[in-house]
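To keep things clear, I will list the structure first and then write my remarks on it.
The values are calculated or read from the model by the stated rules, or taken from the named source; none is laboratory data. Being a predicted model, the structure only gives us computed values, none of them experimental. Neighbour counts run over all protein chains shown; Cβ positions are idealised from the backbone, glycine included. These area figures cover heavy atoms from the full protein model, side chains too; ligands, DNA and RNA do not enter into them. Shrake-Rupley method; radii C 1.70, N 1.55, O 1.52, S 1.80 Å.
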Amino acid sequence: MGEATETFYGVIRRQGITRRSFHKFCSLTATSLGLGSLAASQIANALETKPRVPVIWMHGLECTCCSESFIRSAHPLFKDVVLSMISLDYDAPIMAAAGHQAEAILEETRAKYKGQYVLAVEGNPPLNEGGMFCIDGGKPFVEKLRAMAEDSMAIIAWGTCASWGCVQAAKPNPTQATPIDKVITNKPIIKVPGCPPIAEVMTALVTFITTFGKLPELDRQGRPKMFYSQRIHDKCYRRPHFDAGQFVEEWDDESARQGYCLYKMGCKGPTTYNACSAVRWNDGVSFPIQSGHGCFGCSEDGFWDKGSFYDRLTTIKQFGIEANADQIGMAAAGAVGLAVAAHAAITAAKRLTGKRGRVAQEE
Amino acid sequence: MDKSPQALTATVAVDPVRSASSERGVVYVYEAPVRLWHWINAAAILVLGLSGYFIGNGIPTIPGKTGDNFLFGYIRFVHFIAGYVLTLGFLLRIYWAVVGNPHAKQIFYVPIWRKSYWREVWHEIRWYAFVAAEPKKYAAHNPLAQLAMFFMFTLATAFMIVTGFALYAQGTGNDSWQYRLFGWVFSIRPNSQDVRTGHHLGLWMIVTFALIHIYTAVREDIVSRQSIVSSIIFGEREFRD
């Protein structure tokens, strides 16, 4: 187990990195967090004096795409985060220790850094059958999660699994997979949704916590405001086509070749809070819309259950048939329209016969 | 004295002096602010419904340079303006329900506690089902109309205002007053796609309401021997027999 009390600066110097490079890193991080020029020296100071934050990284029901994303971070580099900035004391897929050795680290961290370590959770616990659908170290994952959460400082809910439930919680959710904030209610939880979250968002968040020793400002849903306060739509480079009314109608039409807005192809950019259109992916190379495909809305609650990814209007299943709001609305309005017409016809017929009756009586 | 619209109506209908003195009874029902509101509100709903349908489904692609066009932006702009008109109108209408005449309160409640109310609703259902031979006379809305007004118009409009401003807040941002006032909608439905679906269903609820509303108004004007359509223009209800 690494010595968690060592500072970031101590580690980085030991690795043969020059002080100049260290300051370069601080400037870059300050820039990517949008903090301004003074913050670079604050970051440097913090990393020189503060002990590294111990992090326990646990995996529940998940696909490890969050970890896959995390290790591809460019600013800062994943290796800098894991080997230098934080003291990543437990992360089953990438740690050297295994079996009882690995499990011992959990107990040790709990005892030694009570209330000081950050618990990062990838995936979520299934609650059905006493949590038996996810066994980790011989115990249901939910028990392990509850135990480690008890003494943690804060919890990072990595990805849509931990934040909202994701695919394993999609209907009918047979294992009763449950997002972290529904299981742990007495700790601050930061949701970092996305399937997976953007690598730079993940590492920048870790950098923020280690630098300032506190959690970033969160929005109503518990997501860090600095990355989740705007929709894909708000910063989309295709937005001018949306405002102009220029839409792709089919995947291979002229509009698609022109790179028009994918609104009518079911793009969920207007309802999705994430940083893709600003930060982009793979060191800023691209993001789905730039590659010509609409946004899935993967960082939103229950995105698997909102019908086809290619529909503008969500199908509504509560009516027993799959129909969208327009189909249901038109059917209802049509039925009422027919009823009105029939009612009017009967009214007219009754008036006519009534008049005839009266005329006959008078005669 | 019971000041409820029904009670007033009853007095009107059976007042022997009135019917003796003149063949035609006339009651002042819709005060000027209510009439003005009704027509502004109707216009706002028409604009909102049309622009909203296009916003929900998109429009056929506009040819030409992107920089020269802003049609979808204008459609959304018109939707937002009409939304503000509808909302301000609705708030002023609530104010008028407080200070206006008893009829002005009618669309904001259903007297579910009153047994006679349900009896009269039943009578109206029978009248519309061609079972009852004669309609009862009411100065303002009949009990069945009041029920429909409350659920299909008043509640539906309130729902549209709340969800509409919540969705609008997504554009104005998390620091806007719209988000502070209506952001709670996303605590109930975190995925705003659900809110959009609900808002869209609301459109069809109001379309359905408009169909019934216009049909029954015209029909009662002809069949029930009382003025309906001219009442919301000139304010007075005339009983023609």
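In chain B, taking the dipole from charged Cβ atoms about the Cα centre, the farthest positive-side position among B:Gly73, B:Ala156, B:Ser187 is held by B:Ser187.
For q values of 0.24, 0.28 Å⁻¹, compute log₁₀ I(q)/I(0) with the Debye formula on a Cα-only model of the range A:134-197, without solvent. With no solvent term, the Cα-only Debye profile gives -1.11, -1.25. Averaged over the residues of peptide B:202-208, the number of Cβ atoms from other protein chains lying within 10 Å of each residue's Cβ is 5. Backbone phi angles across the range A:49-62, fed through the Karplus curve with coefficients 6.51, -1.76 and 1.60 (θ = phi - 60°), yield HN-Hα couplings of 10, 7, x, 5, 7, x, 10, 10, 10, 10, 10, x, 6, 6 Hz in residue order; Gly and Pro are listed as x. Most tightly packed first, judged by the mean number of other beta-carbon atoms within 10 Å of their residues, the peptides B:131-140, A:197-206 read A:197-206, B:131-140. Rounded to the nearest 0.05, what FRET efficiency do B:Leu92 and A:Ala92 have when you use their Cβ-Cβ distance and R0 = 51 Å? According to the calculation, E is roughly 0.25. Helix A:199-212 axis versus longest C-alpha principal axis of chain A: approximately 60°, rounded to the nearest ten. Short to long, the 10 Å bins of the Cα pair-distance histogram for the range A:46-131 hold 15, 43, 35, 7, 1 percent of all pairs. Angle, helix B:115-128 long axis vs. longest principal axis of chain B, Cα atoms, 0 to 90°, nearest 10? So the helix axis and the longest Cα principal axis differ by about 80 degrees. Taking amide H atoms as placed 1.01 Å from N in the peptide plane, the amide H of A:Met58 lies under 5 Å from those of A:Ala120, A:Val121, A:Glu122, each 5 or more residues away in sequence or on another chain. Volume of the convex hull of chain B (Cα atoms only), normalised per residue: 166 Å³. Between A:Ala344, A:Ala331, A:Ala111, the residue with the greatest mean-square fluctuation in the GNM of chain A (Cα pairs under 10 Å linked by springs) is A:Ala344. According to the calculation over all Cα-Cα pairs in the range B:129-222, the P(r) per 5 Å bin from zero is 3, 12, 18, 17, 13, 10, 9, 7, 6, 4, 2, 0 %. Counting, for every residue in A:332-343, the Cβ atoms of other protein chains within 10 Å of its Cβ and taking the mean gives 4. Taking all protein chains into account, the per residue accessible area for the range B:173-216 stands at 46 Å² (1.4 Å probe).
Which whole-number percent of Cα pairs in the range A:8-227 have a distance greater than 25 Å?
Looking at the range A:8-227, the distances longer than 25 Å represent 38 percent of pairs.
Between chains B and A, what is the buried accessible area summed over both chains (1.4 Å probe, protein heavy atoms, nearest 100 Å²)? Counting protein atoms only, the buried area is about 4100 Å². Counts of other chain beta carbons within 10 angstrom of each beta carbon in peptide A:295-308 average 2. Each peptide among B:176-189, A:302-315 gets the average number of other Cβ atoms lying within 10 Å of its residues, and from highest to lowest they stand as A:302-315, B:176-189.
Between A:Phe78, A:Ile135, A:Cys65, the Cα set farthest toward the positive side of the dipole of the range A:1-141 (charges on each charged residue's Cβ, about the Cα centre) is that of A:Phe78. For the protein assembly as shown, count all C-alpha to C-alpha pairs, find those more than 34 Å apart, and express that count as a whole percent of the total. That tail contains 56 percent of the Cα-Cα pairs. As a rough guide to protection, the peptides A:177-187, B:215-225 ranked by mean Cβ packing within 10 Å, highest first, stand as A:177-187, B:215-225. As a fraction of the 1.4 Å probe accessible area of chain A, surface on carbon and sulfur atoms comes out at 57 percent.
Comparing B:Tyr74, B:Tyr53, B:Tyr28 in a Gaussian network model of chain B, where Cα atoms under 10 Å apart are tied by springs, the biggest mean-square fluctuation is seen for B:Tyr74. Placing +1 on each Lys and Arg Cβ and -1 on each Asp and Glu Cβ, with no other charges, gives the protein assembly as shown a dipole about its Cα centre of roughly 1200 debye. Sorted into 10 angstrom bins from 0, the C-alpha pair distances of the range A:233-312 split as 19, 53, 27, 1 percent.
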